[in-house]
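Heads up: the structure comes next, in structure tokens.
The values are calculated or read from the model by the stated rules, or taken from the named source; none is laboratory data. It should be emphasised that the depicted structure is a prediction, and the values quoted were computed from it without experimental measurement. Cβ placement follows ideal geometry from the backbone for every residue including glycine, while neighbour counts extend to all protein chains displayed.
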Amino acid sequence: MPPSPFLLISIYLLNFLLLSASKSLTKPIISSPNSTHISKKFERFAESTRKSIKLESLQRSQVIFSGNTPIFSENRTFQLGFFSPGQNVRWYLGIWYASIPTPTYVWVANREKPIKNLSPATAEISENGKLVIVDQDSRTILWETSNLEKAVEFKLLEQGNLVLLNDEGKIVWQSFDFPTDTWLPGMNLSIQQCLTSWKSSSDPAPGRYSVRLNPPNYGEIALVYRNGSVGNSDSNSYTYWTTGKWNGNSFDGVPEMTIPYIYKFEFGYPFTPMAVFGYTVVSLDKGAKPPLTRFIVDHTGQLKQFTWSFQTEYWNMFWSQPDNLCRVHGLCGNLGFCSGRPWNPCKCLNGFRPVNDVSWNESDFSEGCRLEGDGNCGQNEGFEEVGVVRYEGPKVVSFSSSRSKCESECLSNCSCVGLLHNARSNLCKNLYGSLFNIQNLTLDSTIDDNLYVKVQRNNTGKKNKKKMAVFIGMICGILVILSLGTINLLHSRRRKVKKRKGDEDGVFPVTNLRVFSYKELHAVTRGFSEKLGHGGFGAVFRGELSDSSLVAVKRLERPGGGEKEFRAEVCTIGNIQHVNLVRLRGFCSEDSHRLLVYDYMPNGPLSVYLRRDGQNLSWDVRFQVAVGMARGIAYLHEECRNCIIHCDIKPENILLDQDFSAKVSDFGLAKLIGRDYSRVLATMRGTWGYVAPEWISGVAITTKADVYSYGMTLLELLGGRRNVAGPPSASGGGGGECGTEKWFFPPWAARQLIAGNVTAVVDEQLGSAYDKAEAERVGLAAVWCIQDDESMRPTMGMVVKMLEGVVEVAVPPPPKLIQALVSGDSFRGVEHIVSYGDAPRSFDDNVPTSIDLKDSQPSI
């Protein structure tokens, strides 16, 4: 079709104007005022021409979606759309999981250019074949892909990868080549591709932390801190953690990679510039889909690995590095102190406040802290003692001098931020520049210098003013107390009676528990007539409340340990609610009476079902009990605000409700440790046969002691017998008494399980009515739990996954202590000189027990 006359005239006119304008601009002799006007008019005309061409391209673009109309992958695992993190008004184009209720974003397009108004925003494929984000009001492009080849369509794949395709169906651009903070299965790390954290928990803008292949050898993965730069540039970057070198199968510093699990890691061309590292996931159950999983570099600088649990609807964190938040470089910024707390790891030193309060409240601590007050150098300055701490960053100038001379030198230089002074050596160290990574010292540190930071003097006087105010207050308080002492004595008895009466119907203010009177519990238990059992610190009685609900009332009898147990239980489990933990309903603390009121478990303790003449549990119930026990203990270890070590896991403390669901009870021996500490020193407690070797050796106790006790209990549940009983019959599996001789079951059971002979260990009362695959998982998990080296034992969270089949359970090595207890083909393990019943005695029973190791083994 020939061009229209109108189009030809327009083209000729445009050429004429351009030619005329260009000629006029080349004539410097023209000096009339109109020349400047013509030049500006031409520039405006040329700019409008370019905009009209771009507008025409946008007008011909293909709109993918707009507003709150996301696009889903084929099976609705992922969705692509606009989202707004937190409560802010910034909007982003991103990808997140569509199949789970928790919003989890895995990729962000315009992380540096957020959308301020969602209504006019659209995602389109432009005329030149790029994916663009357009503001329809201004018709401006906010973000676009970098593909050079024209795309005609797009797809959101089930792996979470957004791809652009040309007219031949080939990929010309994909989001996996431009990751943000999340590393998904199928995504690769290379020289060009790295992960960069969010700036804060609610700001997807690039943060200061990245994960990349570590140059120049590219044989390991590194976590990198970047001070103001993003990408692969090494300027102003600091590597604070690495995986260690690749050895062909795993990284030297990540032994977890050797555990058989859902991951298949591949490292192509390691130790070369072409290196590419990635992973895929496989299902442990044939025919089932692999679980949702992801790695993420968190805004706090940790690399974390998560797997989604559809049962709990929660992201379970399997692994994170660095394991201590304070090892993340620059986390708290300049002059920020790292406490290591998961929720609020940073705080400013006394005399300082955050540089940016808004960012600090959003968990972005990277800008650090600054002096309170006007901050003018040389005016009203003094020093605030920080203590003996670790730090990095400053330039240090050392010299021998007195403390006063050291301070005057620092005060005279505005670049000096603090000083160290050792009174014994009279050594002074003045610090210049910035102070990063301030944190408490480790136990093996030999540093003994006190750090003092320079602050405004009015801030240093605060403590003295507070001390004076406290002193004056104390004097006034003493005078008031003396003047009112007589009145208080007269009314003390009345107040005590009134308080007791109020407590009888009251609620414990911290734990929201019901407070019972002793008289009320005496009536509830009918004078403590129906005894359910007896523990190390007291007896348990059956009771019935006024609402007809049944309870178990534990009466503490020993004034020393009983009081400690009472307070531990009330403080520990008062606010803890979990389906596999016995619920504490109330307590009584009246005069010398100490009682605890629990939910009643109609099917009693697990120990009842481990007797040879007791009721037989089906395999389904046993497996349910094994998993329930593990979940309850895992909750105490990993999901409570404070890690709780039970210290006395045994069948007597595993109760069964009306549905035979396992409930972990008796937290009287529990020790609370804050999450700032990994270990707790405790007095040796527990029951022989269940205590871990570290109890006996006297070293510090961790949660792995409970893992050991759980493993011993698990063997009893599998074998349907107590660990200390008669040896097995010739047919295997069962066992009877052999006079008064006691035989230790775990050594023999471990040997059989490691050899693959699970049938010999499983309770013979079950016959063939059990799931062999589940029994093998239970047996092997139990042997892993009773490893002598606590570092070899899995966490309780990992045990749950082993039992559920999420993690493949490899054959464990035989525990060394087990090997020491077993000689040759003998079935005998540990023989007790002192005979006692089926239930092992507690150490609290004060009964001397000697242990004889057969075949000339050393005595314990």
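Return the residue satisfying two criteria in turn: it lies in the stretch 312-332 and is in contact with a strand residue (DSSP E or B) (Cβ under 7 Å, 6 or more places away or on another chain) and assigned to a loop (DSSP other than H, G, I, E, B), and of such residues it is surrounded by the fewest Cβ atoms within 10 Å (Cβ to Cβ). Taking the candidates together, the pick is 322.
For residue 275, the conditions (1) crowded, with 21+ Cβ neighbours inside 10 Å; (2) in contact with a Pro (Cβ under 7 Å, 6 or more places away or on another chain); (3) among the hydrophobic types (A, V, I, L, M, F, W, C) are fulfilled apart from (2). All conditions in (1) touching a strand residue (DSSP E or B) at 6+ places or on another chain (Cβ under 6 Å); (2) under 23 Å from residue 365 (Cβ atoms) hold for residue 309, with the sole exception of (2). Only one of the numbered conditions (1) surrounded by fewer than 16 Cβ atoms within 10 Å (Cβ to Cβ); (2) in contact (Cβ under 8 Å) with a residue 12 or more places away in the chain is not met by residue 173, and that is (1).
Condition check for residue 344 on (1) without any contact (Cβ under 8 Å) to a residue 24 or more places away in the chain; (2) surrounded by 20 or more Cβ atoms within 10 Å (Cβ to Cβ); (3) closer than 30 Å to residue 799 by Cα: one failure, at (2).
If I go through the stretch 706-724 residue by residue, how many of them are at pLDDT below 90 and crowded, with 23+ Cβ neighbours inside 10 Å? Count: 3. Cβ separations smaller than 6 Å between residues 6+ apart or across chains give the following pairs from the stretch 577-596 residues that are over 17 Å from residue 518 (Cβ atoms) to residues that are β-branched (Val, Ile, Thr) and at pLDDT below 85: 584/573. The criterion of at least 3 residues that are assigned by TED's automatic domain parsing to the domain that holds residue 141 and buried (at least 17 other Cβ atoms within 10 Å of the Cβ) is met, among strands (runs of 3 or more DSSP E) falling completely within the stretch 60-130, by 78-83, 92-97, 105-108, 121-125. Might you check whether a residue that is of a type outside the set (Gly, Ala, Ser), surrounded by fewer than 15 Cβ atoms within 10 Å (Cβ to Cβ), farther than 25 Å from residue 330 by Cα and touching a strand residue (DSSP E or B) at 6+ places or on another chain (Cβ under 7 Å) occurs anywhere in the stretch 425-433? Yes. Do we have residue 622 as farther than 26 Å from residue 804 by Cβ and either in the same structural domain as residue 782 (by TED's automatic domain parsing) or basic (Lys, Arg) (or both) here? The answer is no for residue 622. With the condition kept exactly as written, say whether any residue in the stretch 164-176 is in the same structural domain as residue 303 (by TED's automatic domain parsing), modelled with pLDDT of 95 or more and of a type in the set (A, V, I, L, M). No, because not a single residue in the stretch 164-176 is in the same structural domain as residue 303 (by TED's automatic domain parsing), modelled with pLDDT of 95 or more and of a type in the set (A, V, I, L, M).
One residue stands out among those in the stretch 643-679 that are surrounded by fewer than 17 Cβ atoms within 10 Å (Cβ to Cβ) and modelled with pLDDT under 75: the one that is nearest to residue 602 (Cα to Cα), which is 672. Exactly one residue out of 163, 152 is β-branched (Val, Ile, Thr) and surrounded by fewer than 16 Cβ atoms within 10 Å (Cβ to Cβ): that is 152. If you go through the stretch 113-168 and pick out every residue that is under 27 Å from residue 203 (Cβ atoms) and among the basic types (Lys, Arg), you end up with 3. Restricting 454, 463 to those that are outside any loop (DSSP other than H, G, I, E, B), touching a Phe, Trp or Tyr at 6+ places or on another chain (Cβ under 7 Å) and either among the charged types (D, E, K, R) or at pLDDT 85 or above (or both) reduces the list to 454.
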